[in-house]
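Asks: Please read through the structure below; I'll follow up with questions.
The values are calculated or read from the model by the stated rules, or taken from the named source; none is laboratory data. Worth saying up front: this structure is predicted, and the values here are computed from it rather than measured. Glycine gets a Cβ as well: all are built from the backbone with ideal geometry, and neighbour counts include every protein chain shown. Remember, those area values only see protein heavy atoms, side chains included, never the ligands or the DNA or RNA. Shrake-Rupley method; radii C 1.70, N 1.55, O 1.52, S 1.80 Å.
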Amino acid sequence: LKKLGIDDLVHFDFMDPPAPETLMRALELLNYLGALDDEGELTELGYQMSDLPIDPQLAKIIITSPDYGCSEEILSIVACMSVPQIFMRPREAAKAADEAKAQFAHADGDHLTLLNAYSAYAALPKGDKKQWCWDNFINERSVQSAENVRKQLTGIMNKLQLPLVTTDRRGNGSFDYTNVRLALTSGMFMQVAYKQKQGNYLTVKDNQVVYIHPSSVIDSKPDWVMFEEFALTTKNYIRTCSTTRVEWLVEMAPHYYDLTNFPECEAKAELELAYRRLAHKRSSSK
């Protein structure tokens, strides 16, 4: 709507109007992502993001990914996040399915695991893909949809003249996973949870107690995790998680991690330390 030139969103005649607080939260989110400026006008980044038919956080990740040299990897991850779950786990073959998924698992999280699985699929000759999906408990329909989504997103990136680059210089799946996590953090810095002393996690700012979903490949209990969705079942679970670092959060999103109005929690002390380290690093590099 902002791209269409509709400035007064509060009084816009929606067919099914959202609650005012939902609308304000959406505008706040776009402002934090850098898509809207403080006057509520679309930024250059916002114009680019509006061309991508996906969640704004994912659009931001795609647009910043060339800065980290990993736009090809991010396209694969975002495509897999935009379709139904590619990993299948039938109850009668749960152990075999877990073993199959373990081949692709990356200790730093589910996004990197999706990247490994999709890359293995994409590298296969067309005639081998169906059997490979069956053998590896990959949902063939979902991964085909991801392939189509990826093609679409690649077309939009070309239109926006964003470079298609990869960290896999040898072409054998040796990705720079740190750069991929940096790119993911650039758009997911608001969907972060911090590990408490008791071992459970608290979402940043909302202070909701959450648990990493059992389907996640993360089992190391990292201090900071970013997550794709919040699933309310028997417990408050966070799903599709990857590890991130406090120094990345304060460097990329100081406007969001502004400690002057940050709620009291264990994460606040960690953030204060990270800001001090960042200030020291900047002063010593001058």
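Asks: Taking square-rooted eigenvalues a ≥ b ≥ c of the alpha carbon gyration tensor, is region 63-221 rounded, prolate or oblate, where a/c under 1.5 means rounded and, failing that, a/b exceeding b/c means prolate?
Replies: oblate
Asks: Can I ask one more? Take the Cα radius of gyration of region 12-121 and divide it by 2.2 N^0.38 Å, with N its residue count; two decimals is plenty.
Replies: Ratio of Cα Rg to 2.2 N^0.38 Å: 1.39.
Asks: Per the Kirkwood formula on distinct C-alpha pairs, the Rh of region 111-201 is how many angstrom?
Replies: 15.8 Å is the Kirkwood radius here.
Asks: Still on this structure, please answer the following. At a 1.4 Å probe radius, which order do 32, 256 fall into by accessible area, largest first?
Replies: Working: 32 45, 256 20 Å².
I get 32, 256, largest accessible area first.
Asks: Moving on to the next point. Below 8 Å, C-alpha to C-alpha, sequence gap of six or more: please give me the relative contact order for the chain in percent.
Replies: Relative CO of the chain lands at 17 percent.
Asks: Remind me, what semi-axes does region 181-234 give for its equivalent ellipsoid, largest first in whole Å, using sqrt of 5 times each Cα gyration tensor eigenvalue?
Replies: Calculated on Cα positions only, the semi-axes equal 17, 13, 12 Å.
Asks: Sticking with this structure for a sec: Run the numbers for residue 151 and residue 102: contour at 0.36 nm per residue of separation, minus the present Cα-Cα distance, in nm.
Replies: Fully extending the segment from residue 151 to residue 102 adds 14.9 nm.
Asks: Let me check I've understood the local charge: for residue 58, count other residues with C-beta under 14 angstrom from its C-beta, Lys and Arg +1, Asp and Glu -1. What total comes out?
Replies: -3
Asks: In what sequence, largest accessible area first, do 255, 213 appear using a 1.4 Å probe? Provide the component values of the computation, followed by the final result.
Replies: Working: 255 85, 213 40 Å².
Descending accessible area places them as 255, 213.
Asks: Please report, for the Cα atoms of region 219-273, the Rg to one decimal and the Dmax as a whole number; what are they, in angstrom?
Replies: 12.9, 36
Asks: Normalise the Debye intensity by I(0) for region 147-190, one equal point scatterer per Cα, no solvent, then take log10 at q = 0.26 Å⁻¹ and round to two decimals.
Replies: For the requested q values the scattering log ratios are -1.05.
Asks: Using only DSSP helix segments of four residues or longer, with each worth -39500 (n - 2.57), what per-residue ellipticity at 222 nm results for the chain after dividing by its residue count and rounding to 500?
Replies: -14000 deg cm²/dmol
Asks: Here's something else I'd like to know. The chain: longest stretch without exposed GluC sites (Glu not before Pro) (DSSP loop, at most 10 other Cβ within 10 Å), sites themselves excluded?
Replies: On the way: sites that count: 39, 41, 264.
Free of exposed loop sites, the longest segment is 42-263.
Asks: Let me ask something else about it. Set the Förster radius R0 to 30 Å, insert the Cβ-Cβ distance between residue 208 and residue 131 as r into 1/(1 + (r/R0)^6), and round the FRET efficiency to 0.05.
Replies: 0.10
Asks: Now for a separate question. Can you tell me the alpha carbon radius of gyration of region 134-248 divided by the globular rule-of-thumb value 2.2 N^0.38 Å?
Replies: 1.27
Asks: Moving on. Set the Förster radius R0 to 22 Å, insert the Cβ-Cβ distance between residue 27 and residue 230 as r into 1/(1 + (r/R0)^6), and round the FRET efficiency to 0.05.
Replies: Efficiency, from the Cβ-Cβ distance: 0.60.
Asks: Considering lysine pairs in region 112-207 that are 8 or more places apart or on different chains, how many have Cα atoms under 28 Å apart?
Replies: Number of lysine pairs found: 7.
Asks: Average projected area of the Cα convex hull of the chain, in nm²?
Replies: 18.3 nm²
Asks: Please compute the length gained on full extension between residue 223 and residue 196, using 0.36 nm multiplied by the number of residues separating them and subtracting their Cα-Cα distance. The partial results should precede the final answer.
Replies: Details: separation 27, 0.36 × 27 = 9.72 nm, distance 0.81 nm.
Net length gain for the segment: 8.9 nm.
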